[in-house]
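The values are calculated or read from the model by the stated rules, or taken from the named source; none is laboratory data. Predicted model only: the values in this text are computed from it and were never measured. Counting neighbours? That spans all protein chains shown, and the Cβs are built from the backbone with ideal geometry, glycine included.
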Amino acid sequence: MTNVYGTNLVAVAGENIKAGQETIVSDAGGTQITAETGPLSHGIFIQTADSSVYVTCDGTAPTTGNGVLVAANNPLFVPIKDPSTMKAIASADTKVITFIMY
């Protein structure tokens, strides 16, 4: 079998899978989703349950103009090595984003 890097054909050890939650604020600078620097072998799944958030992956402050919309209950997979560069912004300070990365 051929290992195709970055796909579900490459097994990941359980200890390399990390999950968590972060409360996203409406601050103009955005909230860092995780301080984990990786490197990740595949990427990160992010989801929010009760609201939509905007996400950037280059460390810049997210807005509705430059961010990717993560709508409620619609997860987004980002194939990224260093997830610490990801920031999110929400319409209120009580919104929670969940993630699983590997």
Within segment 55-76, work out how many residues are among the hydrophobic types (A, V, I, L, M, F, W, C) and surrounded by 13 or more Cβ atoms within 10 Å (Cβ to Cβ). 6
Suppose we filter ILE89, ILE80 for residues that are under 10 Å from the mean Cα position of the chain (by Cα) and buried (at least 17 other Cβ atoms within 10 Å of the Cβ); which single one remains? ILE80
Every listed condition ((1) surrounded by 11 or more Cβ atoms within 10 Å (Cβ to Cβ); (2) at pLDDT below 90; (3) more than 20 Å from ALA88 (Cα to Cα)) holds for ILE17 save (2)
Count - residues of segment 62-88 that are of a type in the set (Ser, Thr, Tyr) and under 20 Å from GLY38 (Cα atoms): 2
